[in-house]
Amino acid sequence: MTSILKLLVATSTISVAALGANPAFAADLGTDAGTSITNNVSVAYNVGGTAQTAETDSDIFVVDREVNLVIAKSDAVNSSVAPNATQQAVTYTVSNQTNDTIDVLLTSQQPGTDDFDVSGTITYYLDNGSTAGVFDAGDTLIT
């Protein structure tokens, strides 16, 4: 199960709305973090053609958390807005490719080479799926 959180940006000049499946739940990408695994080894060998007593041993380790968060702009083209427009929506997909449930703090950053000024509060919405990838009244505000 790969969890996907899609985002829309729309607010004072821009804010972000989440579109998609479950927000930041663990994906099915291997053994869950915190799982204990026992590693067993057994070595059988001969010395000068004579069988020796087999050596065996084991060790236990705990699977660590893998953090792999992928964020990509969902729109195929640059977003166009009218001059002085506010609360414009931009879609992003946030995909948790980790082996655990994680909390994610998303922020925006103003690129230095564009003509778009990001100011004001950024808001995030979870898509309800009625119209996937479209910010509409059914989408849920994430606080």
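Just to verify a result, which residue in the stretch 93-123, among those that are of a type in the set (Ser, Thr, Tyr) and more than 30 Å from GLY34 (Cα to Cα), is modelled with the highest pLDDT? If you could, list the steps in order and put the result at the bottom.
Applying the first criterion (of a type in the set (Ser, Thr, Tyr)) to the stretch 93-123 yields 93, 95, 98, 101, 107-108, 113, 119, 121, 123.
With more than 30 Å from GLY34 (Cα to Cα) added as a condition, the list becomes 108, 113, 119, 121, 123.
Values: SER108: 76, THR113: 73, SER119: 72, THR121: 78, THR123: 82.
Within the stretch 93-123, the match that is modelled with the highest pLDDT is THR123.
Name the single residue, out of those in the stretch 27-41 being of a type in the set (Ser, Thr, Tyr) and surrounded by 10 or more Cβ atoms within 10 Å (Cβ to Cβ), that is nearest to SER95 (Cα to Cα).
If we filter the stretch 27-41 for residues that are of a type in the set (Ser, Thr, Tyr), which is where we start, we get 31, 35-36, 38.
Narrowing the set further to residues that are surrounded by 10 or more Cβ atoms within 10 Å (Cβ to Cβ) leaves 31, 35.
On the way: THR31: 18, THR35: 23 Å.
Among those residues, the one meeting the criterion is THR31.
If the Cβ limit is 6 Å and pairs must be 6+ apart or interchain, which residue in the stretch 116-136 that is within 13 Å of TYR92 (Cβ to Cβ) pairs with which residue that is modelled with pLDDT of 80 or more?
TYR124/ILE142; TYR125/ASP139; TYR125/LEU141; LEU126/THR140; LEU126/ILE142; ASP127/ASP139
Keeping to the stretch 28-41, report how many residues are more than 15 Å from the chain's Cα centre (by Cα) and assigned to a loop (DSSP other than H, G, I, E, B). Steps first, please.
Of the residues in the stretch 28-41, the ones more than 15 Å from the chain's Cα centre (by Cα) are 30-41.
Then keep just the ones that are assigned to a loop (DSSP other than H, G, I, E, B); that gives 30-35.
Selection size over the stretch 28-41: 6.
Could you grab the pairs with beta carbons closer than 7 Å, sequence gap of 6+ or different chains, first residue in the stretch 82-98 and free of Cβ contacts under 8 Å to residues at least 12 places away in the same chain, second one open to solvent by 50 Å² or more (accessible area, probe 1.4 Å) and not small (Gly, Ala, Ser)?
Once the first residue is free of Cβ contacts under 8 Å to residues at least 12 places away in the same chain and sits in the stretch 82-98, no partner that is open to solvent by 50 Å² or more (accessible area, probe 1.4 Å) and not small (Gly, Ala, Ser) comes close enough.
Check ALA85 against each of (1) modelled with pLDDT under 70; (2) out of contact with any strand residue (DSSP E or B) (no Cβ under 9 Å at 6 or more places or on another chain); (3) among the small types (Gly, Ala, Ser) and name the one condition it does not meet.
Every condition holds for ALA85 apart from (1).
Which members of the stretch 56-81 meet the condition of being within 30 Å of ALA44 (Cα to Cα) and touching a residue at least 24 places away in the same chain (Cβ under 8 Å)? Before the answer, list the steps.
Narrowing the stretch 56-81 to residues within 30 Å of ALA44 (Cα to Cα): 56-63.
Matches in the stretch 56-81: ILE60, PHE61, VAL62, VAL63.
The values are calculated or read from the model by the stated rules, or taken from the named source; none is laboratory data. Keep in mind it's a predicted model, so treat the numbers as computed, not measured. Here the Cβ is made from the backbone with ideal geometry for all residues, glycine too, and neighbour counts use every protein chain on show. In case anyone asks, the SASA skips ligands and DNA or RNA and just uses the protein heavy atoms, side chains included. Shrake-Rupley method; radii C 1.70, N 1.55, O 1.52, S 1.80 Å.
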